[in-house]
Amino acid sequence: MATTMQGFTAGHNCCINDIKQETNQLSSDEKLSRCKLATLFRIVDYFGWTQTIYNHISVRLNDCRDQYLVNPFGLLYNEVSAEKLLKVNMEGDVLGSGSTTLGFNAAGFVLHSAIHEARPDVNCIIHLHTSDVVAVSTMRCGLLPISQEALIVGDVSYHPYEGILIDEQEMKDIQDNLGPNNKVMILENHGVVACGSTVEEAFHYLYHVMIACTTQGLNTGYPYRKPELVQMS
């Protein structure tokens with residue numbers, strides 16, 4: 001199986017649209033959202049931005065605004081398909097388990113529910129952490145406007161490192177730090193979140209912030225930020 005530095009990009013890919021014709025309980029809007037989200041997982045995998053089964057992407061359902069689709073925890077990105085996606089609500093209840101027996105990532109629930117709840121304009125959220133993104137997230141200077149791609153991204157929010165995102169108390173901090181307008185938030189010493197009103201817009205921001213981070217990472221000499229929770233021995 002071919003691999004990249006970050007994840008798997010070739011191998012046993014399954015069909016993206018595996019929704020069975022007899023699955024009539026799904027609305028046409030949900031079927032389309034499932035196919036778009038499953039396609040986005042394959043695109044992220046194609047670019048080598050995956051980290052095996054970790055990280056997560058979600059899409060809010062248009063006909064049920066308090067519900068969203070997210071990847072089951074345990075699948076590689078090239079294994080995610082339309083029918084395997086989980087449907088969850090803002091309280092963390094799994095309303096549709098898809099075609100697997102897998103649950104969702106607890107950290108993913110905290111992050112995605114916090115943003116979907118606070119930002120009704122955001123319908124798609126992508127979270128990942130490649131080496132380039134993590135490197136920039138450690139820099140005290142943050143993402144610098146030193147490339148065209150960084151300028152396309154525009155204003156960026158920052159969320160201080162507080163450990164793995166499993167504390168529901170952190171949801172309020174995430175909402176406050178993202179703010180009402182920005183579409184990209186760097187999780188310090190952790191990774192990045194790219195948001196959009198559509199799947200396409202979220203990928204637009206993700207694509208350009210990834211290039212911006214790679215470009216900045218090639219420039220050395222910036223002072224680095226250390227996470228306060230790390231104790232150096």
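Remarks
- Taking the protein heavy atoms of the chain in the context of the full set of protein chains, the accessible area attributed to carbon and sulfur is 53 percent at 1.4 Å.
- Cross-link partners of Lys36 among aspartates and glutamates, defined as those whose alpha carbon lies under 15 angstrom from its own and excluding same-chain residues fewer than eight positions apart: Asp18, Asp45, Glu79, Glu83, Glu200, Glu201.
- Cα gyration tensor shape of the stretch 112-228, rounded if a/c is under 1.5, else prolate or oblate by comparing a/b with b/c: oblate
- Per residue value of the accessible surface for the chain (all protein chains in place, 1.4 Å probe), Å²: 47 Å²
- Considering all different alpha carbon pairs of the chain, the Kirkwood hydrodynamic radius works out to 18.0 Å.
- Of the complete DSSP H runs in the chain, none spans 30 angstrom or more by Cα along the long axis with a mean Kyte-Doolittle score not below -0.5.
- Exposed loop sites here are GluC sites (Glu not before Pro) assigned a DSSP state other than H, G, I, E or B and surrounded by at most 10 other beta carbons within 10 Å; excluding them, the longest clear run of the chain is 92-233.
- Free of any trypsin sites (Lys or Arg not before Pro) that DSSP assigns to a loop and that have at most 16 other C-beta atoms within 10 Å, the longest stretch within the chain is 21-139.
- Alpha carbon convex hull of the stretch 101-140, volume per residue in cubic angstrom: 123 Å³
The values are calculated or read from the model by the stated rules, or taken from the named source; none is laboratory data. Given the structure is predicted, the values throughout are model-derived calculations rather than measurements. Methodologically, a virtual Cβ is constructed for each residue, glycine included, from the backbone with ideal geometry; neighbour enumeration extends over all protein chains shown. For accessibility, only protein heavy atoms count, side chains too; no ligands or nucleic acids. Shrake-Rupley method; radii C 1.70, N 1.55, O 1.52, S 1.80 Å.
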